[in-house]
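Participant: Can you read through this structure? Questions will come right after.
The values are calculated or read from the model by the stated rules, or taken from the named source; none is laboratory data. A quick note: this is a predicted structure, and the numbers were derived from the prediction, not measured. Reconstructed Cβ throughout: ideal geometry from the backbone, glycine too, with neighbour counts over all protein chains shown.
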Amino acid sequence: MATYREQGIVLRSYKLGETDRIVHLHTQGRGKVRAVAKGVRRPGSRFGGRLEAYSHVDLQLYEGRNLDVINQAELLASHAAVRADFATSAGASVMVELVDLVAQEGERDNALFLLLRAGLQALDAGPADPAVFVDAFLLRAASIVGFHADTAACAVCRRPGPHAFLSVKAGGTLCSDCAPPGTRAVDPAVIAGVGLLATPGEWASLPAFARDDALAHRTAASYARAFVEHHLDRRLRGYPAVPRG
């Protein structure tokens, strides 16, 4: 069987038999990989502790018929601090839940891998409000897989903004001509907040947004969740557990 090396982030794992685990990973070169880690639940296992949820690992695997098999694992970043804190662990669980949902087996998606790595690094720093990083992650991951929350132009006619109306279904802001009758205008701070959450690579300004305009953040967060769940047609089971100030 062919052997290969990959960097991956552990999304989740579950028991197999008495001593093994099946591990879901999002890898840099092969997208989602499902693999067996044999013997990791035995006392004294060589790498059981290296395959905890959210760990960034360098792996050697060999290809199996149904599941690949992990035979080496070296930690690159354990993200132990994320697992140790309830708020950050709850946030990370939503991130990996979404990646596990949208990542495809055998299809390289380096942008999604880098986004997950950046999101976990942000949580690893112990932010005062981890929820804002989760909200940003949702919109950015959705954009990577083809669903963009656009606040720069009308999502229907593409007239340049800013516009006062916000639509989950249309995928962003709407001008007065395209907004359905009776649609309520949204506070400009909410529109700006959605735009900030959706902006790729912009992490540093998120804590200030959550701290200085909590109401706008709360509304923008609700939009982010509704947007992702609508366009992916799936509920995010872990989202309600994320603490919010």
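Participant: Please pick out the residue among LEU174, LEU112, LEU120 that is in contact with a strand residue (DSSP E or B) (Cβ under 8 Å, 6 or more places away or on another chain), of a type in the set (A, V, I, L, M, F, W, C), more than 30 Å from GLY8 (Cα to Cα) and surrounded by 20 or more Cβ atoms within 10 Å (Cβ to Cβ). I'd like the intermediate steps shown before the answer.
Facilitator: Values: LEU112 fails: more than 30 Å from GLY8 (Cα to Cα); LEU120 fails: more than 30 Å from GLY8 (Cα to Cα).
Within the list LEU174, LEU112, LEU120, the selection yields LEU174.
Participant: Only one of (1) modelled with pLDDT of 95 or more; (2) more than 18 Å from ALA125 (Cα to Cα); (3) surrounded by fewer than 22 Cβ atoms within 10 Å (Cβ to Cβ) is not met by ARG46, so which one is it?
Facilitator: The single condition ARG46 does not satisfy is (1).
Participant: Could you check how many residues of the stretch 70-108 are polar (S, T, N, Q) and in a helix (DSSP H, G or I)?
Facilitator: Residues of the stretch 70-108 polar (S, T, N, Q): 71-72, 78, 88-89, 93, 104.
Of the ones still in play, those that are also in a helix (DSSP H, G or I) are 88-89, 93.
Here the count works out to 3.
Participant: All but one of (1) within 23 Å of the chain's Cα centre (by Cα); (2) in a loop (DSSP other than H, G, I, E, B) hold for ILE22, so report the exception by its number.
Facilitator: Of (1) within 23 Å of the chain's Cα centre (by Cα); (2) in a loop (DSSP other than H, G, I, E, B), only one is false for ILE22: (2).
Participant: Could I ask something else about it? Are any residues in the stretch 193-206 more than 15 Å from the chain's Cα centre (by Cα) and crowded, with 17+ Cβ neighbours inside 10 Å, and if so, which ones?
Facilitator: If we filter the stretch 193-206 for residues that are more than 15 Å from the chain's Cα centre (by Cα), which is where we start, we get 193-196, 204-206.
Selection gives GLY193, VAL194, GLY195, LEU196, LEU206.
Participant: Out of the stretch 159-193, which residues are under 17 Å from SER143 (Cα atoms) and part of a loop (DSSP other than H, G, I, E, B)?
Facilitator: VAL168, LYS169, ALA170, GLY171
Participant: Out of ALA53, ALA111, ALA131, ALA122, report the one residue that is in a loop (DSSP other than H, G, I, E, B), closer than 26 Å to ARG234 by Cβ and of a type in the set (A, V, I, L, M).
Facilitator: Numbers: ALA111 fails: in a loop (DSSP other than H, G, I, E, B); ALA131 fails: in a loop (DSSP other than H, G, I, E, B); ALA122 fails: in a loop (DSSP other than H, G, I, E, B).
After ruling out the rest, the residue left standing is ALA53.
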